[in-house]
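Input: a single structure, listed below in structure tokens.
The values are calculated or read from the model by the stated rules, or taken from the named source; none is laboratory data. Note that this is a predicted model, so its numbers are computed, not measured. For neighbour counting, all protein chains shown are included, and Cβ atoms are generated from backbone atoms with ideal geometry for every residue, glycine included. Only protein heavy atoms, including side chains, enter the accessible area calculation; ligands, DNA and RNA are left aside. Shrake-Rupley method; radii C 1.70, N 1.55, O 1.52, S 1.80 Å.
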There are 2 protein chains.
Amino acid sequence: MPETPGIGERPAPWRKTRVVGKTLPRIDAYERVSGAALYPSDVAPSNMLHGAILRCPHPHARVIRVDTARARRMPGVHAVIDGSTPGADLDWTYAGTGTTFQTKIFDTVCRFEGEAVAAVAAKNPYQTSDALRAIDVTYDVLPFTSDERTALAPSSPPVHSGGNQVGKTDTYSRGDADLGFAEADVVLEEHYRTACEIHTPLERHGCVAEWKGDRLTLWESTQGVYAVQKTIADILGMPLSKVRVIGHYMGGGFGSKLQPGKYTVIAALLARVTGCPVRIFLSREETFLAAGNRPPTNMRLKAGVKKDGTLTAFDFTCTGSGGAYPAGGALVVDWLIRDLYACPNVRTTADDVYINAGPARAFRAPGHPQGAWALEQMMDALAAAIGMDPVAFRLINIPNVSQARKGHPPYGTPGFAECLRRGAEVFGWNEARKQSGGTGPIRRGVGMAGGLWSSGDGRPPSTIILKLYADGSVNLNMGASDIGTGTKTVMAMVAAEELGIRPQAVQIEHADTGTTQFATPSGGSKTVPTEAPAVRAAAVSVKQQLLEMAARNLKTEPADLRYTPGVVVSRSDPSKRIAVDRISGLRMAGVVVGVGYRDPNPPNRVINPFAAHFCEVAVDMRTGEVRILRFLAAHDSGRVMNRLTYDNQVFGGITMGIGLAMTESRLLDGNQTGKMVNGNWHDYKIPTALDIPADMVSLPIEIPDDEANTTGAKGLGEPVTIPTAPAVANAIYNATGLRVAETPIDPLRLCGLLAAQRKEA
Amino acid sequence: MPETPGIGERPAPWRKTRVVGKTLPRIDAYERVSGAALYPSDVAPSNMLHGAILRCPHPHARVIRVDTARARRMPGVHAVIDGSTPGADLDWTYAGTGTTFQTKIFDTVCRFEGEAVAAVAAKNPYQTSDALRAIDVTYDVLPFTSDERTALAPSSPPVHSGGNQVGKTDTYSRGDADLGFAEADVVLEEHYRTACEIHTPLERHGCVAEWKGDRLTLWESTQGVYAVQKTIADILGMPLSKVRVIGHYMGGGFGSKLQPGKYTVIAALLARVTGCPVRIFLSREETFLAAGNRPPTNMRLKAGVKKDGTLTAFDFTCTGSGGAYPAGGALVVDWLIRDLYACPNVRTTADDVYINAGPARAFRAPGHPQGAWALEQMMDALAAAIGMDPVAFRLINIPNVSQARKGHPPYGTPGFAECLRRGAEVFGWNEARKQSGGTGPIRRGVGMAGGLWSSGDGRPPSTIILKLYADGSVNLNMGASDIGTGTKTVMAMVAAEELGIRPQAVQIEHADTGTTQFATPSGGSKTVPTEAPAVRAAAVSVKQQLLEMAARNLKTEPADLRYTPGVVVSRSDPSKRIAVDRISGLRMAGVVVGVGYRDPNPPNRVINPFAAHFCEVAVDMRTGEVRILRFLAAHDSGRVMNRLTYDNQVFGGITMGIGLAMTESRLLDGNQTGKMVNGNWHDYKIPTALDIPADMVSLPIEIPDDEANTTGAKGLGEPVTIPTAPAVANAIYNATGLRVAETPIDPLRLCGLLAAQRKEA
């Protein structure tokens, strides 16, 4: 077993490992596949009622009257509540980025289709939906705005009083873009658009609420139990200690479960009114309307380059819409333009506008995939324009510092260059490019794109409590959620590594505000780099305590002792040893408790994950159908903690990126009703197994970074979906000579573009 | 709010309090009375099967054959197991005191009626009991021994090979007893007997066992979840971390729930075999046979006293029986004889013998009530013999040191004398004694007795984790069980006291090996004095961390700052302040975590609780019926933490003591079958509300002891039942002139003695 660092010493992050980095199945694999795992949607306390929410069918309407009399008399109905119910007149804040919108749980103005109007709790789900239908609501239907591209036109009805511009235009600039364009040999300009995508995790959004005395327990499908606790305690005016939120398992969260929903408050209200536990899980259709989305963006990018490949200027504008209550519709869409490539002159502006549609929520790498869609297609076009290989073109424009950050701090690793180089090599980029194009009906092409994630370093706070039993087994207490990424497994491996035991001997308690430690939500690709160093610190603390106690027992110094599972042995005299269950000390009685905290990151240094994706496609020139033949994803996310869950993340990210590129788009009926016309899994297309390549390669680029944190891990969850879509688009260009600037690249769109291309030719 | 001690400083235990000591209802009172509290016997995971155990109907038998074929085919039956089932051939250790008995879960020799032979799990309890009846067992019935008084006679069949003496005779001696008797003016000798009492807590013994993958969860009605974890992990050969034991609520435990039972292992086995959760709760009749008892004792006490009241010698012998697998049948029965009164010459011997009856378990103050039954009646008789008041006689014989302990360390408080003095005063002892006796058919009498509990100091280890939220509310994590005594409420009060908040803002998580801290079982009257100081230490730690962080934020020193709920304020400049949720520091993000440990007690010092009970009775000389008219219990148990739960404990202890004195006795059919003939709540009498006086007074004697621990609390649960029975017997003597040396003093016994008295007279 590797040595423990001395007391107070920081453990070396990149030492040789025994467990960490191996390919290990999840520690909860059996529970997950056998059905034993209890997801929030499985929770069913006795006497539980089924709650549901009546939602406004109009994109914009004023609620004049809610008549619940008939619904109340329906069989099985325990409660019907609306804004006029005493105690239900609660505030609700739609949290934007930098801005918030104070409304009511049941507001009299509904600004999007699917806004909550009333709610029911009944004995069974059928009685609940019957009662919902029996509520009679009188609406004053108002004119709506549903297209962000025309939202600022004077003819567009205002979503809120004061026009449809959200706050002020966000601007950024460095150098002199105009001068940059003047210096350029080639200047290109293009408009790009990404469609609005909907959050559709496998487990829908919802919770079960139960009161016991003055304590509320919520089993919520969430990425962060403490975030839910805070919001709900604030809204209900309760002490934080009296709101317990449990989220032991959850069926996927990509940003839309960072916070509770109105459903959480409504379930708590219905449970209080009825005296019974109440379950509300949204229907799939409700999640399409109200659970969050990735904002649509409309981008213009102008770029200048010299013949030798030197970038001279970027000029970028973006208009996005976060819906009726925007959470940053255009937020950080420009980050890659600012920061991915060395460019002295950059100017960006971003505008967010209101439309009468469901509020946006953070969506796997907010802004980054959209920005990459523009930037990485532009880079491909620039390379073509100056006759340079796209990989080579990128490699000569890689900065060593973060240009967008104050003081231009250096990056911890040269990860982007390595991703490009090694990725191209393993993918066989040069050979594949030689075989692309052709003249037949099926044309092959390869494309690539790069990216970075502007976070993913991990940071305080994190507190971990680790109990080491005398038999060497461990109980690990962590507040963070495992949102399906394998967090628990990685933490077990880190503890097992440090303590020299099997990961299977580590039992994890997590994601429960009542019984586990404070943690920030699992999001921002920071869970592993935040929690794992705290786990390690807790394990180190336990060992140190044991050595100190054992030193007193053995009448020697702690430095003379070595911990091995179950036994502490003297280094100088191996016959001097004591079994862990024989060690006596004030705080020891078969169990030693260690507390570990996440240390801060080193100052003036940027710890970001980098990525490069490579893909090969076959395009049917007659039908516009695209088959993605293979994909390679090279990622510098620091140390690989578990190769199996690492690869799972990569493959999932590619799949989601293919959804952005190829299939996903919220469709609103802008003409007549303003309603969503594809709000279900039949009409809204997410990629299926048939849409993704069987040949997917995950290529970890591990560059030791001794200062990142004591485990060497960086975030992975979001980088894996950032360069995917433009890599596909660039491959289609490589196959067809066509630039598809707008998502999704469905056969209809591509067929149309191919027809126009043929016409031009 | 009182000041926080400086960093590293020990908080003063006896400062003025704001919350502690008040009369406060339990923090879980609503859950308990509304039925919302989930006791282990309420737990019902989906697909749960009902398990039950087939028990040997003979006190001594060899199992020849177990035929389960018919039972297996019965409807609803999922599993039938016995000693021949693969995986069920597990060891079971009957834990004695100083000795253990290695047997099997299903042993081939049954040494008591009720021993486990086989077990069934079926869909519903009726199918389970039908299947139990369908198991065909062939026994070789063996001769039995059922009376500890004759167990050593050569004619008594041996329970184990090697005779019925358990180990060696336990002896103690100081001074020279023979010399002491020679110096005495009066020497008395008497035989005393206490009957065997059965553990009958309101919630029966049992558990629900569930496997998820390789982890076993047990909801057990227990006094100590970690004790259950250890035993079960050992028997099943599992890592400790993989056995989770939960005991959030439990319906009473008086020593018999300090450890799991065979039922726990059997439930786990059945759950593993069937793949379903399995519930086993013993029937009331089963608990009478197999769940534990207070051993019967047969005592002889000889005492010498001078005319001036000086004790000169005690000579004591005791024979007890812990049943077939004794857990100290005569253990510490002699403690009070050794230690309660100043006496230079003491000699004691104690023998434990085997009989074919259920194993004894620790029973509220092991040995002490039995010893008090002898000693305190003898003290009463000695006082009468030398014509001295019983209170005055005791007062002149109180030692300041523990004579039975090595080095004669001093007691922390002069508590016994104060209990006697103040108790007599408030009871109106002198006046009441003047009115006792008489000549009519109903005679009144008063009696009293004293006692101490040889433990009750509390001690390490205890670990408490306290999370302070930004709004000042608190989550408190403790592994100890609240066995109905109000532990949770007291801990909430201690945290509230230190943090200046309401106890209602403290949420407690407890008694769960998965999610709460290590704790020793709740027993030995040590829970409050063990856990409360650790709670206080955790609260102090949280405050100190806040002050340190706030000092950096406010650019001042921690010593200049004062914590008040929600705000930290400068002492020198009260305008300098910072809200807790604004304090920033590495480990702070809305939650501060404090870890508190129990410090060791001061060396060479005895911290024991003391007690004196006073009672008044009316005896019907014609029928032998006794009415206990009133009771006063004076207790030095250190600081009163909550006056309501304190008094509850006192009243409960008196009730149990009345059970020993008046009603309880296990009856074995020694002649024919060796079986228990009153193993149910109809025939075995525990005191009901009609058997205890309405007039019960709890008189706390609070003597500040600054060194006991940082809360000043000492144990209360056991002292309250130690002097009760002899106080009643002494009152009966005072009324009738009759000494009743044997329990229970039921009307039949008393009537017989009164008849004999009349005959003599």
Each label point is 7 Å from the Cα along the Cα-to-Cβ direction; what then is the distance between the points at A:Asn671 and A:Val141, in nm?
-> 1.6
Using a 7 Å Cα-to-Cβ projection, B:Arg300 label spacings across copies, nm, ascending | 11.3
Provide Rg and Dmax in Å for region A:584-696, with only Cα atoms included in the calculation.
-> 23.2, 79
Residue-by-residue Karplus 3J(HN,Hα) for region A:663-680, coefficients 6.51, -1.76, 1.60, Hz, glycine and proline x | 10, 8, 6, 6, 10, 10, 7, x, 7, 9, 10, x, 8, 6, 9, 10, x, 6
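What number in nm² do you get for region B:155-260 if you take the convex hull of its Cα atoms and divide its surface by four? Please report the intermediate quantities before stating the final value.
On the way: hull surface 52.4 nm².
Across all orientations, region B:155-260 yields a mean hull projection of 13.1 nm².
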Expressed to two decimals, region A:62-105 has a Cα Rg over Rh, using the Kirkwood radius, of 1.14
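Using only alpha carbon pairs under 8 Å that are at least six residues apart, calculate the relative contact order of chain A and give it in whole percent.
On the way: 2001 pairs, mean separation 124.3, N = 761.
In percent, rounded to a whole number, it is 16.
Find the Cα radius of gyration of region A:333-386, compare it with 2.2 N^0.38 Å by division, and give the number to two decimals. Spell out each step's value before the answer.
Working: Rg = 13.9 Å, N = 54, 2.2 N^0.38 = 10.0 Å.
Here the answer is 1.38, to two decimals.
Might you tell me the accessible area per residue for chain B, computed with a 1.4 Å probe and given in Å²? Working shown, then result.
On the way: 26620 Å² over 761 residues.
With the other protein chains kept in place, chain B gives 35 Å² per residue.
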What lysines sit close enough to B:Lys123 to cross-link, taking a C-alpha to C-alpha distance under 20 Å and skipping anything fewer than 8 places away on the same chain?
-> B:Lys212
If the viscosity is 0.692 mPa s and the temperature 37 °C, what translational diffusion coefficient in µm²/s does Stokes-Einstein give for region B:1-123 when Rh comes from Kirkwood over Cα pairs?
-> 164
Cα-based reach from B:Lys685 at 18 Å (exclusive), listing lysines while leaving out same-chain residues under 8 positions away | B:Lys675
Everything considered on the Cα gyration tensor (a ≥ b ≥ c; rounded for a/c under 1.5, else prolate if a/b is larger than b/c, else oblate), the protein assembly as shown must be described as prolate
Taking the DSSP beta bridges in the protein assembly as shown as the whole, what percent of them are antiparallel, to the nearest 5?
-> 80
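How much of the DSSP bridge set in region A:274-378 is antiparallel, in percent, rounded to the nearest 5?
Numbers: 9 of 17 bridges.
Taking every DSSP beta bridge with both residues in region A:274-378, the antiparallel ones total about 55 percent.
Using a 1.4 Å probe and counting only protein heavy atoms, arrange A:Ser46, B:Ser41, B:Ser402 so the residue with the most accessible area comes first. Don't jump to the answer; show the numbers that get you there.
Working: A:Ser46 95, B:Ser41 35, B:Ser402 0 Å².
Most to least solvent-accessible, the answer reads A:Ser46, B:Ser41, B:Ser402.
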Could you quote the convex hull projected area for region A:403-471, Cα atoms only and averaged over all directions, in nm²?
-> 11.1
Taking the label point 7 Å from Cα in the Cβ direction, how far apart in nm is B:Asp67 from each other copy of itself, listed shortest first?
-> 7.5
B:Gln507's amide H: which non-local residues (gap 5+, or another chain) put their own amide H closer than 5 Å, with H modeled 1.01 Å from N in plane and none for Pro or chain starts?
-> B:Val474, B:Asn475, B:Leu476
Under DSSP H, which helices of chain A have Cα atoms covering 27 Å or more of the helix axis and a Kyte-Doolittle average no less than -0.5?
-> A:527-554
Keeping every protein chain in place, order A:Lys123, A:Lys406, A:Lys307, B:Lys257 by accessible area at 1.4 Å, biggest value first, i.e. largest first.
-> A:Lys406, A:Lys307, A:Lys123, B:Lys257
Compute the Kirkwood hydrodynamic radius of region B:314-364, taking the inverse of the mean of 1/r over all pairs of distinct Cα atoms, and give it in Å to one decimal.
-> 11.7
Reach of B:Lys257 by Cα under 16 Å, taken over aspartates and glutamates that are not fewer than 8 positions away in the same chain = B:Glu197, B:Glu203, B:Glu220, B:Glu286, B:Asp482, B:Asp512, B:Glu718
Collect residues whose amide H, placed 1.01 Å from N in the peptide plane, falls under 5 Å from the amide H of B:Val697; neighbours closer than 5 in sequence don't count.
-> B:Phe631, B:Leu632, B:Ala633
Note down the relative contact order for region B:574-635 as a percent, whole number, built from C-alpha pairs under 8 angstrom at least six residues apart.
-> 24
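Using a 1.4 Å probe and counting only protein heavy atoms, arrange A:Asp82, B:Asp176, B:Asp669 so the residue with the most accessible area comes first.
On the way: A:Asp82 5, B:Asp176 70, B:Asp669 35 Å².
The residues order as B:Asp176, B:Asp669, A:Asp82, largest area first.
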What is region B:541-651's relative contact order, in percent, from Cα pairs under 8 angstrom and six or more apart in sequence?
-> 16
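May I ask for the Kirkwood hydrodynamic radius of region B:673-720, worked out over all distinct Cα pairs and given in angstroms to one decimal?
Values: mean 1/r = 0.0646 Å⁻¹.
Across region B:673-720, the inverse of the average 1/r is 15.5 Å.
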Sort region A:360-416 into rounded, prolate or oblate with this rule: let a ≥ b ≥ c be the square roots of the eigenvalues of the Cα gyration tensor; rounded if a/c is under 1.5, and if a/c is not under 1.5, prolate when a/b is larger than b/c, oblate otherwise.
-> oblate
Could you go through region A:556-567 in sequence order and give the Karplus-derived ³J(HN,Hα) for each residue, using 6.51 cos²θ - 1.76 cosθ + 1.60 with θ = phi - 60°, rounded to whole Hz, and x for Gly and Pro?
-> 9, 9, x, 5, 7, 10, 10, 8, 10, x, x, 9
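Anything over 24 Å Cα to Cα? Flag those among A:Lys16/B:Lys242; A:Lys104/A:Lys230; A:Lys543/B:Lys230; A:Lys168/A:Lys302; A:Lys242/B:Lys467, in the order listed. Please list the in-between numbers first.
Values: A:Lys16/B:Lys242 28 Å; A:Lys104/A:Lys230 18 Å; A:Lys543/B:Lys230 21 Å; A:Lys168/A:Lys302 22 Å; A:Lys242/B:Lys467 12 Å.
A:Lys16/B:Lys242, as the Cα separations exceed 24 Å there.
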Count neighbours as other Cβ atoms within 10 Å of each site's Cβ, and list the chymotrypsin sites (Phe, Trp or Tyr not before Pro) in region B:666-761 that are DSSP loop with at most 15 such neighbours.
-> B:Trp681
Inter-copy label distances at B:Ser155, 7 Å along the Cα→beta-carbon direction, one decimal in nm, shortest first?
-> 11.7
Axis-proximal residue, chain B, for the rotation superposing B on A (Cβ, Å) = B:Thr515, 2
For region B:48-63, just list the computed ³J(HN,Hα) in residue order, Karplus coefficients 6.51, -1.76 and 1.60, θ = phi - 60°, integers in Hz, with x standing in for Gly and Pro.
-> 5, 9, 9, x, 7, 10, 7, 10, 5, x, 10, x, 7, 7, 9, 8
Just the Cα atoms of chain B: what Rg and Dmax do they give in Å?
-> 27.6, 91
